[in-house]
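The values are calculated or read from the model by the stated rules, or taken from the named source; none is laboratory data. Not measured: the values here are computed from a predicted model. Cβ placement follows ideal geometry from the backbone for every residue including glycine, while neighbour counts extend to all protein chains displayed. For accessibility, only protein heavy atoms count, side chains too; no ligands or nucleic acids. Shrake-Rupley method; radii C 1.70, N 1.55, O 1.52, S 1.80 Å.
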Amino acid sequence: MTKIARERLGVSEATALYEKDLFELGEIADGIRRRLHGDKTYFNINRHINPTNVCKDVCKFCAYSASRKNPNPYTMSHDDILRIVDDIVLRDIKEVHIVSAHNPDTGLQWYLDIFRKIKQQHPQLHVKALTAAEVHFLSEQYGKSYDEILDLMVENGVDSMPGGGAEIFDEGVRDYICKGKVTSEQWLEIHRKWHQRGKKSNVTMLFGHVEERKHRIDHMLRIRDLQDETGGFNCFIPLVYQPENNFLNIKEFITANEILKTMAISRIVLDNVPNLKAYWVTSTVNLALVAQEFGANDLDGTIEKESINSAAGAKSANGVNLEEFVHLIKESGFSPVERDSLYNELKVW
Ligand code: V47
């Protein structure tokens, strides 16, 4: 392993990594990935459910929220959600990933009852639900502390938290792209408290919009600091910004080279986060497969239905076919390993 892979880099040193050649970065990141995971690429068989798109917040990048450019507001009934869950359990799906918009009209119990009812019927199903942005919204809307909301999540059956809502932690960029939503400090505090309960979570980074390279690095370093403290993050997930149907109005798109450099650098910088996910939904399946050689060891899962990124142009509305997914991982020289939500290995495909 080369020197930079072993050293802990600060913002300017890590930002300078972008000046290196893509393949040089790839080699270092791949070395780290292979030391941690060999040639295994993890995925899970999962289903996303987005129960409502009615949102009191106004993030400029969001095409999903019905208060922005999406003209079709919806709020699913619990019966509808349970019907989906009954069906996926029959098909041996192991995880349900539930993320909603910040709907001020449903009441707190509506959110909690989703998890409680699912767990009552299917205690073995892993419920990954509520981003820190939703936790903050519920806390403010219903006058409860973060601790109270997190305890209610545990009581009602949430097993782990997804990494959404992190966006970019730099306060200037954050103010521009999603003013009024959970702040960076609050996002990190909510995950700290969740980890203190012995629970795991993920962490995302939305990039390829107005942020600069140094903002991505700053984002990674804030994650590294919290991870040193709690060890509760399972996975880092860089999300490539999707440009359609939103108010950010970005004209210049990020290149594959810059995406892969960001993946590789995150593998190098986040030396204490075990897994790096190439989220095929926002990178495309093909680039996610290439990212396996630039540090990524996880490709998320089959998803089945995806509403947030597909609203902004991603080709992910109907998930991906399991057999095809497995075949593609193998064809690219890696070993597809089905995992559960907490990264226990279930099956080598
Ligand atoms: O937080 C919204 C992002 C996230 C756009 O934890 C956009 O395993 C790109 O967090 N372009 C939700 N991204 C998705 C998410 C996630 C996905 C998969 C796995 C996990 C996990 C978490 O989607 C939001 C926001 O950052 N998003 N709009 C857009 N136009």
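Things worth noting here:
- Qualifying residue in the stretch 272-279 (condition: in contact with a Lys or Arg (Cβ under 7 Å, 6 or more places away or on another chain), surrounded by fewer than 23 Cβ atoms within 10 Å (Cβ to Cβ) and closer than 20 Å to GLY38 by Cα): yes
- Inter-residue pairs, beta-carbon under 7 Å, first more than 19 Å from GLY38 (Cβ to Cβ) and in the stretch 321-339, second open to solvent by 80 Å² or more (accessible area, probe 1.4 Å), 6+ apart: none
- Residues of the stretch 315-334 that turn out to be within 16 Å of the ligand (Cβ to nearest atom) and open to solvent by 10 Å² or more (accessible area, probe 1.4 Å), as a count: 5
- Selection count where residues are away from the ligand (no atom under 16 Å from the Cβ), under 21 Å from VAL285 (Cα atoms) and either under 19 Å from the mean Cα position of the chain (by Cα) or open to solvent by 60 Å² or more (accessible area, probe 1.4 Å) (or both), scope the stretch 35-69: 2
- Scope the stretch 201-242; condition over 15 Å from the mean Cα position of the chain (by Cα), within 16 Å of the ligand (Cβ to nearest atom) and among the hydrophobic types (A, V, I, L, M, F, W, C); matching residues: VAL210, LEU226
- When the stretch 234-248 is filtered for residues that are assigned to a loop (DSSP other than H, G, I, E, B) and either of a type in the set (Asp, Glu) or over 17 Å from GLU167 (Cα atoms) (or both), the ones remaining, listed by number, are GLU244, ASN245.
- Listed by first and then second residue, the pairs with beta-carbon distance under 9 Å, at least 6 apart or on different chains, first residue in the stretch 308-319 and farther than 14 Å from HIS97 by Cβ, second more than 8 Å from the ligand (Cβ to nearest atom) and of a type in the set (D, E, K, R), are ALA311/LYS69; ALA314/GLU306; ALA317/LYS305; ALA317/GLU306; ASN318/GLU304; ASN318/LYS305; ASN318/GLU306.
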